[in-house]
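Comments concern the structure below.
The values are calculated or read from the model by the stated rules, or taken from the named source; none is laboratory data. Small disclaimer: the values here were computed from a predicted structure and weren't measured. Cβ placement follows ideal geometry from the backbone for every residue including glycine, while neighbour counts extend to all protein chains displayed. All accessible areas refer to the heavy atoms of the entire protein, side chains included, with ligands and DNA or RNA removed. Shrake-Rupley method; radii C 1.70, N 1.55, O 1.52, S 1.80 Å.
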Amino acid sequence: MDNMFSVEGRIAVVTGGLGQLGTQFSKSLAEAGAKVAIFSRRPFSAAQVAEKFPGLEDRIRIYEASVTDKEALQAATDELIADWGVPHILVNNAGIDSKPDGAADQNAPFEEYPQKYWDEIIDTNLTGVMLTSQVVGTKMAEKERGSIINVGSMYGMVSPNQALYAYRLERDGVPFVKAVSYAASKSGLLNLTRYLATYWAPKKVRCNIVSFGGVKTGSYDKEFIDAFLERVPLGRQAEVDEYNGVIRFLASDASSYMTGSNVVVDGGFTSW
């Protein structure tokens, strides 16, 4: 049974692998014996890798490539294949959202929401997954094997509850609206996942999505957290390493008959 969950000797690409969750996914896969190629839009030295991933320097490498730049993705993938070989696993983790403490127009009412923020978020969260899957997934399909794991969100399944942010108007005197672009990008990712799952099934490339809930970061207002947790049946946010198991599962042969699936890990938020 243990061997079913093994990723020993496999090659994984993790986009956004230096971020909060990406770091966890990269570390978890490398600790399990995989070789992990992090596609990052910012350069990262070998010394920085050693500091961030102590003891895993021989299993983690950084390749500079933005998910919105197909030429850079192609160059990074070619370099990776020359170094280690064709990937077995692709974790499309890179993503952005409007910041709760960002410029007021990032969280403006829908009627006034600027297109530039829509474009930025859709380009990274949806187009970026398409481009990365196109480049890396094509190489997997040529080998007739592979697992693509798209990182989604509960907000790809349900609309953000604006009541969670109502305290901001009362406190700050300025309306705060959770923007449309993040939810739209993650819901689009659901059907992109199904498309790739059916398209590449004859080539034995699987594609699934994980829809995550809130993660404990310490960066949100207490008022928001209190209101949010009232709507989570488990009554808490996820710990930063608590999603590693489902990534390992989908990367391994334990999920060999799964494709086109949406695995919901949200503490029960979407259950009521």
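Return a yes/no flag: does the stretch 57-67 have any residue that is open to solvent by less than 10 Å² (accessible area, probe 1.4 Å) and among the hydrophobic types (A, V, I, L, M, F, W, C).
Checked against the condition, which is being open to solvent by less than 10 Å² (accessible area, probe 1.4 Å) and among the hydrophobic types (A, V, I, L, M, F, W, C), the stretch 57-67 yields at least one hit.
Tell me which residues, restricted to the stretch 32-47, are under 22 Å from the mean Cα position of the chain (by Cα) and open to solvent by 70 Å² or more (accessible area, probe 1.4 Å).
Lys35, Arg41, Arg42, Pro43
Picking from Val210, Val240, which residue would you name as being part of a strand (DSSP E or B), in contact (Cβ under 8 Å) with a residue 60 or more places away in the chain and in contact with a strand residue (DSSP E or B) (Cβ under 7 Å, 6 or more places away or on another chain)?
Val210
Restricting to helices (runs of 4 or more DSSP H) lying wholly in the stretch 71-178: which have 1 or more residues that are modelled with pLDDT of 95 or more and open to solvent by less than 20 Å² (accessible area, probe 1.4 Å)?
It comes to 115-122, 128-132, 138-143.
Could you tell me how many of the residues in the stretch 179-193 are outside any helix (DSSP H, G or I) and open to solvent by 40 Å² or more (accessible area, probe 1.4 Å)?
Number of matching residues: 0.
For the stretch 243-272, give me each residue that is assigned to a helix (DSSP H, G or I) and of a type outside the set (A, V, I, L, M).
Asn244, Gly245, Arg248, Phe249, Asp253, Ser255, Phe269, Thr270, Ser271
I'm checking my understanding of the structure. Among residues of the stretch 203-255 that are among the basic types (Lys, Arg) and within 30 Å of Met140 (Cβ to Cβ), which one is most open to solvent (accessible area, probe 1.4 Å)?
The selected residue is Lys204.
Output the qualifying pairs, or none if there are none: Cβ atoms under 8 angstrom, residues six or more apart or on different chains, first residue in the stretch 10-23 and in contact (Cβ under 8 Å) with a residue 40 or more places away in the chain, second residue hydrophobic (A, V, I, L, M, F, W, C) and surrounded by fewer than 21 Cβ atoms within 10 Å (Cβ to Cβ).
Ile11/Trp84; Ile11/Val86; Leu18/Phe44; Gln20/Val215; Gln20/Val240; Leu21/Val215; Leu21/Val240
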